[in-house]
Amino acid sequence: MCGIIGYLGDREATPILMESLKRLEYRGYDSAGVAVLELPKAGHANRTSITKSEAKVDTLIEKLEANMPSGKLGIGHTRWATHGKPTYINAHPHTDCHGKIFVVHNGIIENFAELKAELEAAGHEFPSETDTEVVPHLIEANYKGDFLAAVRAALKRIKGAYALAMFSSDDPELLVGARLNAPLVVGLGDGEYYIASDITAIIPYTKRVLVLGEGEVAAVTPLGAEVSTLDGVTVKSKVVHVDWDVAQAQKGGFPHFMLKEIHESPEAVANAMRGRLTDDGAVTFREFDVPDDQLKGITDVLLLGMGTSLHAAMIGEYVIEDWVGLPARAEDASEFRYRRPTVGDHTLNVVITQSGETADRDADGAIYLHSGPEIGVASTKTLLAHMISLYLLALRLATVDGRVSLERRGELVEALRALPDQVRGILARDKEIVELAHKYSGYRNFMFAGRGLDYPVALEGALKLKEISYIHAEGTSGGLLKHGPIALLDEQFPVVAICTASATKDKMVSNVHEIVARSAPVLALVTEGDHSLDGVATDIFRMPAVEEAASAVLNTVMLQLFAYHVAVKLGQNVDQPRNLAKTVTVE
Ligand code: F6R
């Protein structure tokens, strides 16, 4: 949930740390800091300069521009607070008693209280309230002249999750990174090296990275990066070549990443299908190549996700049941992990994540989204890529043994292939959506209602609105409405009712009548040519007449744009909503 960066090379470290922290800010943005080992003056000991801000990275940058530390080795951090408020003292980097060891951290040290008590008893002092601060002190306590050995010894004592970048001012040519249950990459430049939470931070500098494995340590010197285990056994890491470029991690003329990413949806949808789908609905995932007889043995499907990814899981549940005829259930991954679930030996477990980092999940294999980086904290294009991937997974399962005839598969393929252009069609109606968003932006409460596939779409519409505009919004199924939520409705409580084509459309239309009878304003999403709500709903947004699976995608895009424009109208920071972070690596 925090972003970390480290640099060692021939260039000035500070500007590189500043730029990288800006690109990492989506991971957390309540405080920031850097430590730079300054070039020693003759006859003087090495000195490390620490600059921190108890606000966002921009404030840190202002401070650094006013007083720029000069040095070729440095580390930086942008924080999403876990232990301790976002104050100056709690901002990273943290240091040891003698101000020689500097550490930035993403994750949670679960046994920090026990370690802190032990270190305090040995005379160490802890000015901050953070869990991170035990790391430099533990390294200090283990230091016998070899920094790397002290790091290894310290990390063996730590439980929980960490991605760390560290250096000691006694070793001006050594930058150390380490990870456990939190991601970390080592960027290999031309005579210079980086350590970063993710590739986005360093993409302008290099496309060659080493992805550190669990429990591995990277020792970076001017001669290169060496990866080893905590026991000091050398690990041969493969160099990965990144195939996207810096333009994809920038706003490209859009006022916000979120809007840019919504506009990348047609490509995200197309890329999720590319090379995977034939005309008759046969699906091949190169990276998830499970033979038919193994798939035939699957008895049921469990889909796990959180937030937007849980809504994707619910969509997957629906189509797998419908198209494949297998029992499927979507679950909140954070709850599931601590239950005593009854998962059969032949259950296909599908864990869904856009970041790949959410702490509540882990997987053996993967179906990649191919949607490029998503920087806006609110998920948009990645949800669409998830929806398409789950449709394809359902088709893949249905090809083995399913309820979908060859003819029907052909129809579904046609519907999916038409989607990129249809998404473009929704994006082209931005002006209409802006007008609706402005009209509705004054309300403080919203209900989103849908049935079938549009139930999770309604939940997602509500989530998107509340997370970026801070307006209270609830999602409900049309059926559930009468079992409680309808009590909330009055003329100040509008409902966004998704009434596009589905088996339960007529029931949704009846629900709208019930809502209108309670004087609540209704913005209805209705299929072109359907006039059942003319004169009933307050506002109607007409959607193309398409398959239900395709219409769920188009409705999602419309609701993403609606939430975006409401939030912009209210002057909110849509890319960095308060209290949130893009990746949730702590439970
Ligand atoms: C909402 C949002 C979150 C994520 C959730 C899971 O816009 O982005 O609800 O979907 O934090 O994250 P991933 O998919 O990265 O596991």
Normalised by the number of residues in the range 483-584, what is the relative contact order in percent for Cα pairs under 8 Å and 6+ residues apart? 22 percent
Restricting things to Cα coordinates, could you compute the convex hull volume per residue of the range 450-559 in Å³? 89 Å³
Given an 8 Å cut-off on Cα distances and at least 6 residues of separation, report the relative contact order of the range 257-569 as a percent. 20 percent
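Exactly which trypsin sites (Lys or Arg not before Pro) in the range 170-272 are in a DSSP loop and have at most 12 other Cβ atoms within 10 Å? It would help to have the intermediate numbers written out before the result.
Details: sites: R179, K207, R208, K236, K238, K251, K260; in loops: K207, K236, K238, K251.
Those that pass, being in a loop and sparsely packed, are K236, K238.
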Could you tell me what percent of the accessible area of the chain is made up of carbon and sulfur, with a 1.4 Å probe and every protein chain present? 50 percent
Whole-number value, in Å³ per residue, for the convex hull of the alpha carbons of the range 257-569 is 129 Å³
So what is the relative contact order of the chain, in percent, for Cα pairs below 8 Å that sit 6 or more residues apart? 12 percent
What number results when the radius of gyration of the range 290-365, computed over Cα atoms, is divided by 2.2 N^0.38 Å? 1.07
Within the chain, which complete DSSP H helices have Cα atoms spanning at least 24 Å along the helix axis and a mean Kyte-Doolittle hydropathy of 0.5 or higher? 381-401, 548-569
Coil-residue trypsin sites (Lys or Arg not before Pro) of the range 1-76, DSSP, other Cβ within 10 Å capped at 14: R11, K41
Answer rounded, prolate or oblate for the range 440-490, using the Cα gyration tensor with square roots of eigenvalues a ≥ b ≥ c: rounded when a/c is under 1.5, else prolate when a/b is larger than b/c, else oblate. oblate
Kindly state, as a whole number, the per residue volume in cubic angstrom of the convex hull around the alpha carbon atoms of the range 323-436. 163 Å³
Over the range 122-256, what number does the Rg to Rh ratio reach, with both radii from the alpha-carbon atoms and Rh per Kirkwood? 1.02
From DSSP H assignment alone, runs of 4+ in the chain each adding -39500 (n - 2.57), the sum over residues rounded to the nearest 500 puts [θ] at 222 nm at -10000 deg cm²/dmol
With a 10 Å radius around each residue's Cβ, average the other Cβ atoms per peptide and rank 308-317, 341-350, highest first. 308-317, 341-350
Convex hull projection area averaged over all views, the chain, Cα basis, nm²: 28.1 nm²
N349 long-range amide H proximity, modeled H, under 5 Å: L302
Could you compute how fast the range 67-175 diffuses translationally, taking Rh as the Kirkwood radius over C-alpha pairs and applying Stokes-Einstein at 37 °C with viscosity 0.692 mPa s? Give it in µm² per second. 233 µm²/s
Starting from one equal scatterer on each C-alpha and no solvent at all, send me the Debye-based log10 I(q)/I(0) for the range 20-102 at q = 0.11, 0.18, 0.19, 0.21 Å⁻¹, two decimals. -0.29, -0.74, -0.81, -0.96
Over all Cα pairs of the range 197-267, how is the pair count split among 5 Å bins, expressed in % and running from 0 up to the last occupied bin? 3, 14, 18, 18, 14, 11, 7, 9, 5, 1
List the residues of the range 178-197 whose backbone N lies under 14 Å from a point placed 7 Å from the Cα of V239 along the Cα-to-Cβ direction. 186-194
If a/c stays under 1.5 just call it rounded; otherwise compare a/b with b/c (prolate if a/b is bigger, oblate if not). Do that for the range 253-402, with a ≥ b ≥ c from the square roots of the Cα gyration tensor eigenvalues. oblate
Once you have the alpha carbon radius of gyration of the range 501-587, what is it after dividing by 2.2 N^0.38 Å, with N set to its residue count? 1.38
At q = 0.23, 0.29, 0.33 Å⁻¹, what is the base-10 log of I(q)/I(0) for the range 520-563 according to the Debye formula with one equal point scatterer per Cα and no solvent? Please give it to two decimals. -0.83, -1.08, -1.17
What's the tally of Lys pairs in the range 1-150 whose alpha-carbon atoms lie under 15 angstrom apart, where the two lysines are 8 or more places apart or on different chains? 8
Please report, in whole Å, how far the alpha carbons of the range 3-248 spread along each principal axis, starting with the longest. 50, 43, 41
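Expressed in nm², what is the orientationally averaged projection area of the convex hull enclosing the Cα positions of the range 75-122?
Here the figure is 3.9 nm², rounded to one decimal.
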Here, GluC sites (Glu not before Pro) of the range 245-293 satisfying both criteria (DSSP loop; at most 16 other Cβ within 10 Å) are E287
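The values are calculated or read from the model by the stated rules, or taken from the named source; none is laboratory data. The model shown is predicted, which means the values in this text are computed figures rather than measured ones. Ideal geometry is used to build each Cβ from the backbone, glycine not excepted, and the neighbour counts take in all protein chains shown. When the accessible area is computed, the model is the full protein with side chains, heavy atoms only, and any ligands, DNA or RNA have been set aside. Shrake-Rupley method; radii C 1.70, N 1.55, O 1.52, S 1.80 Å.
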